[in-house]
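Where a number appears in this text, it was derived from the coordinates with a stated rule and is not lab data. On a predicted model such as this, the values are computed, not experimentally measured, just so you know.
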Amino acid sequence: MSETASARAFFQPIVGVRTMSVVGFEALARFDDGVSPLDHLSAAEERGQRAQLELQLIEIAVDAAAALPAAGFITLNVSPRTMAFPQLAETLRRCDRSWGLELFEDAEPEECLAIREQVDELGGFLLIDDAGTGFADEKRIRQLRPDIVKIDRVVFWRSLSEADGRHRIESILDAAEEVGAHALVEGVEDEAQLDAVRELEVGLAQGYHVGRPTPVDGIVEMLADLQRRVGVSASLV
């Protein structure tokens, strides 16, 4: 993290579509200088400090998560190289709830061979992020055997209007089912898209329609609004 910018954790709900209830939260970083987290990470990588920044952001998220409703899990974004740092395990031991690690889409295939074992040793679960883009394809799903496959929002949106897009998402879902992984659709922005997730028989959803990224001090209000607006249970409050 740069000397002039600080970050805090925001949390976006993950919703169980069949029960219409919040089951967890993705931890996201927001910097006070308005620069995107990916740009900060890219700048840190150029300085040879990406892992250190990722570890700082994970620590911020774990500490903030202590104030979340008690029942939900959290997911945290991480690169394979960062998983090798002992500080990660030390931070995750402090987490007061179930947690998962979301593997960045741009991770190289050769970096991934030991990841499944590492996550199991740390006591968490594994997510593949942005499935359907870059390296995050069916081959990686079968190789890593993740617990949750997060389908990229653009892949989902294409499936709503293009035959090739529909075939693509069905192929990803088939690979997830083959390894026993839950599927999660990102980018759900309205009720029609939520209905499309139901039609695909996907169990988990995330997106602005079912909850925006929110700091901890706004979570209770956000969940209450979500219950009024969409009918998603806010029983975690």
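How high is the relative contact order of the chain, given as a whole-number percent (alpha carbon pairs under 8 Å, six or more residues apart)?
Details: 440 pairs, mean separation 49.3, N = 237.
Once normalised by length, the contact order is 21 percent.
Remark on GLY100: its backbone amide H falls under 5 Å from those of ILE74, THR75, LEU76, PHE125, a criterion applied only to residues 5 or more positions apart or on other chains, H modelled at 1.01 Å from N.
Summarising the amide proton neighbourhood of LEU204: residues at separation of 5 or more, or on other chains, whose placed amide H is nearer than 5 Å comprise VAL17, ALA183, VAL185. Taking only the C-alpha atoms of segment 21-129, the Rg (one decimal) and the largest Cα-Cα distance, Dmax (whole number), read 13.7, 42 Å. List the residues, sorted by chain then number, that are 5 or more residues from THR214 or on another chain and whose placed amide H is less than 5 Å from its amide H. Answer set, sorted by chain and number: PHE11, GLN12.
Could you compute Rg(Cα) / (2.2 N^0.38 Å) for segment 66-176, with N its residue count?
Rg over 2.2 N^0.38 Å, computed on Cα atoms: 1.15.
Between segment 10-39 and segment 177-237, the alpha-carbon centres lie 10 Å apart. Dimensions of segment 168-237 from C-alpha coordinates, computed as largest minus smallest value along each principal axis and given longest first, are 39, 24, 18 Å. Think of it as helices only: each DSSP H run of n ≥ 4 in the chain is worth -39500 (n - 2.57), and spread over all residues that comes to -11500 deg cm²/dmol at 222 nm.
Percent of Cα pairs in the chain per distance bin of 5 Å, from zero to the largest separation: 1, 6, 14, 18, 19, 18, 13, 7, 2, 0.
Our Cα-only numbers for segment 161-209 put the radius of gyration and Dmax at 10.9, 30 Å.
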